[in-house]
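Step one of this worksheet: look at the structure below.
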Amino acid sequence: MSNEQIAVFAGGCFWCTEPVFSQLKGVSKVVSGYIGGHTANPSYKQICNGDTGHAEAIQITFDASIIDFETLLEIFFVSHDPTTLNRQGNDVGTQYRSAVFCQDDGQKAATVAMINRLNAEGIWPNPVVTQVNGAETFYPAEDYHQYYFANNPFQPYCMAVAAPKAAKIRAKYAQLVKDER
């Protein structure tokens, strides 16, 4: 019996966050898209201009009996820099902010607890600035953004940024990575 749930994370460019999560056991689907803004059905061009208030994000469909939300949340924090406001590497703007869009009170409590723990442990020299938001309308990005890394592995940005992120998670969480067959 499946225990299918949804998690929505914004941690910079979705081309780089999607491959981190699509490789995990228990994750059945990852959709790149936009969330947290004030324009209905925004386009990539509108998002890039920073005028809509949306973040680039991923919507993860996962089986909680195989991988739980807390594990996904931990991987989210390990896979990006949650201490930089509106920035991931060279990507700058509110569309690249770090945020969790909690689908229920349990996700919100887990996210707040993890942020508090990470700050208390002093993992980074600066505090976590990840926004903790409630569920909002998620707009899937244009088709060419879906599984962009898998479809464009030799694109320079993917090779420089997405590939190392995915590899870092494969190394640190090898037991959680799907078997390649």
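The values are calculated or read from the model by the stated rules, or taken from the named source; none is laboratory data. Everything numeric in this text was worked out from a predicted model, so none of it was measured. Note that we place each Cβ from the backbone using ideal geometry, even for glycine, and neighbour counts take in every protein chain shown.
A few notes on this one:
- Set side by side, the residues Ala162, Ala167 differ, and just one is in a helix (DSSP H, G or I), without any contact (Cβ under 8 Å) to a residue 40 or more places away in the chain and of a type in the set (A, V, I, L, M, F, W, C), which is Ala167.
- Considering the stretch 44-58, and only residues there that are within 16 Å of Arg87 (Cα to Cα), of a type in the set (A, V, I, L, M, F, W, C) and surrounded by 16 or more Cβ atoms within 10 Å (Cβ to Cβ), the residue that is farthest from the chain's Cα centre (by Cα) turns out to be Ile47.
- Selected residue (only one of Val20, Val31 is in contact (Cβ under 8 Å) with a residue 60 or more places away in the chain and outside any helix (DSSP H, G or I)): Val31
- Qualifying positions in the stretch 118-133 - surrounded by 13 or more Cβ atoms within 10 Å (Cβ to Cβ) and modelled with pLDDT of 95 or more: Leu118, Asn119, Val128, Val129, Thr130, Gln131, Val132, Asn133
- Residue check for Ser98: hydroxyl-bearing (Ser, Thr, Tyr), in contact with a helix residue (DSSP H, G or I) (Cβ under 6 Å, 6 or more places away or on another chain) and at pLDDT 95 or above: no
- Checking each residue in the stretch 60-88 for being closer than 16 Å to Val20 by Cα, in contact with a Lys or Arg (Cβ under 9 Å, 6 or more places away or on another chain) and without any contact (Cβ under 8 Å) to a residue 24 or more places away in the chain picks out no residue at all.
- Tally of residues being part of a helix (DSSP H, G or I) and either of a type in the set (A, V, I, L, M, F, W, C) or in contact with a Phe, Trp or Tyr (Cβ under 7 Å, 6 or more places away or on another chain) (or both) across the stretch 134-156: 4
- Matching residues in the stretch 103-133 - criterion: being touching a strand residue (DSSP E or B) at 6+ places or on another chain (Cβ under 8 Å) and part of a helix (DSSP H, G or I): Gln107, Lys108, Thr111, Val112, Ile115
- Check on Asp91, without any contact (Cβ under 8 Å) to a residue 60 or more places away in the chain, surrounded by fewer than 21 Cβ atoms within 10 Å (Cβ to Cβ) and out of contact with any helix residue (DSSP H, G or I) (no Cβ under 7 Å at 6 or more places or on another chain): no
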